[in-house]
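Visitor: Please find one structure pasted underneath; my questions will follow.
The values are calculated or read from the model by the stated rules, or taken from the named source; none is laboratory data. Bear in mind the structure is a predicted one, so any value in this text is a computation, not a measurement. We place every Cβ from the backbone using ideal geometry, glycine too, and count neighbours over all the protein chains shown. Remember, those area values only see protein heavy atoms, side chains included, never the ligands or the DNA or RNA. Shrake-Rupley method; radii C 1.70, N 1.55, O 1.52, S 1.80 Å.
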Amino acid sequence: MFDILGGLAVFVFIIVGMVSPIIAFFFRKKGFKAIWKKSNLLLLGVLIFIITPILIASYYTEEKPLIDKMDKKYALIKNDLPKDETTEKILVELYKTGASTSGNRNINYVVNNYNHKDFNGKIIISAFYGGKKISEKEFELFLLSKEKGYDDYIDANKLNINRDKWKTVKIKYKIKGEFPS
């Protein structure tokens with residue numbers, strides 16, 4: 001839910017600080033300040049009534065089920081894990097979005113940190129096709145203690161996954177890092 005509020009804050013900043021002044025500049029003969037206020041109201045209304053429901057629907061249909069799935073998995077394995085802080089208590093769910101025929105193809109990941117300390121490290125995403133590793137990329141990862149629902153994505157092209165490989169490619173991950181005091 002924090003991602004939704006953060007995303008909305010960014011949109012509000014862009015609308016109020018960048019888009020509305022540009023619109024007001026072009027229509028300044030009618031009064032810069034008046035046009036700026038009207039364009040703010042119009043654009044913020046669009047944000048509230050169109051974009052916000054899309055962001056909320058996306059969270060509850062894509063991320064929330066994965067977070068709940070990881071919570072259930074952690075509940076099953078937590079007694080077998082070490083008591084200390086470990087990368088084994090960081091669970092990741094990978095999923096593909098997009099189609100092989102059109103549109104953007106992305107590898108998405110959602111991360112939950114079940115440790116009592118912050119984690120600073122890297123997630124290494126590898127792509128396998130026909131049993132052979134075709135690519136591997138490292139990405140910085142900073143997780144707060146008990147953080148759930150951290151998400152990001154990688155463009156499929158960055159992992160050398162072309163349209164022909166998209167349907168059968170396998171994606172794996174590794175986590176490396178430390179828990180600074």
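Visitor: Taking the 0 to 90 degree range and rounding to the nearest ten, how far is the long axis of helix 32-46 tilted relative to the main principal axis of the chain, both from C-alpha atoms?
Guide: Roughly 40 degrees between the two axes.
Visitor: Then there is this: Taking R0 as 30 Å, what's the FRET efficiency between K69 and V19 from their Cβ-Cβ distance, rounded to 0.05?
Guide: Efficiency computed from Cβ-Cβ geometry: 0.20.
Visitor: Still on this structure: Give the Rg (one decimal place) followed by the Dmax (whole number) of the stretch 1-100, computed from C-alpha coordinates and expressed in Å.
Guide: 21.5, 70
Visitor: For the stretch 48-64, take each phi angle, set θ = phi - 60°, evaluate the Karplus expression 6.51 cos²θ - 1.76 cosθ + 1.60, and give the result in whole Hz per residue in order, putting x for glycine and proline.
Guide: 5, 8, 10, 6, 4, x, 5, 4, 5, 4, 4, 4, 6, 9, 10, 7, 4
Visitor: What does the highest-first list of 53-60, 16-23 look like by mean Cβ count within 10 Å?
Guide: Going from most to least packed, we get 16-23, 53-60.
Visitor: Write down the accessible area per residue of the chain in Å², having rolled a 1.4 Å probe over the full set of protein chains.
Guide: 64
Visitor: What list of ³J(HN,Hα) couplings, whole Hz, do you get for the stretch 155-162 from phi and the Karplus terms 6.51, -1.76, 1.60, once you set θ to phi - 60° and write x for glycine and proline?
Guide: 5, 4, 5, 5, 9, 6, 9, 8
Visitor: Determine the share of the stretch 107-181's accessible area contributed by carbon and sulfur atoms, expressed in whole percent, with a 1.4 angstrom probe.
Guide: 46
Visitor: Quick check: residue separation of N120 and V12 times 0.36 nm, minus the Cα distance between them. What number comes out in nm?
Guide: Fully extending the segment from N120 to V12 adds 35.9 nm.
Visitor: With a 1.4 Å probe and all protein chains left in place, how much of the accessible area of the stretch 1-90 comes from carbon and sulfur atoms, in whole percent?
Guide: Here it works out to 72 percent.
Visitor: Show that you can apply the helix-only estimate: for the chain, add -39,500 (n - 2.57) for every DSSP H stretch of four or more residues, divide by all residues, and state [θ] at 222 nm to the nearest 500.
Guide: Rounded to the nearest 500, the figure is -9500 deg cm²/dmol.
Visitor: Within the stretch 95-111, find all residues whose amide N lies under 14 Å from a label point positioned 7 Å from the Cα of K167 along Cα-to-beta-carbon.
Guide: Only 99-102 fall inside the zone, counting backbone N under 14 Å.
Visitor: Between L141, S20, N108, whose Cα lies farthest towards the positive end of the dipole of the chain when Lys and Arg beta carbons carry +1 and Asp and Glu beta carbons carry -1, centred on the Cα centre?
Guide: S20
Visitor: How do T101, T168 stack up against each other in accessible area, from largest to smallest, with a 1.4 angstrom probe?
Guide: T101, T168
Visitor: Using only the Cα atoms of the stretch 78-174, what do you get for the radius of gyration and for Dmax, in Å?
Guide: In Å, with Rg to one decimal and Dmax whole: 14.9, 47.
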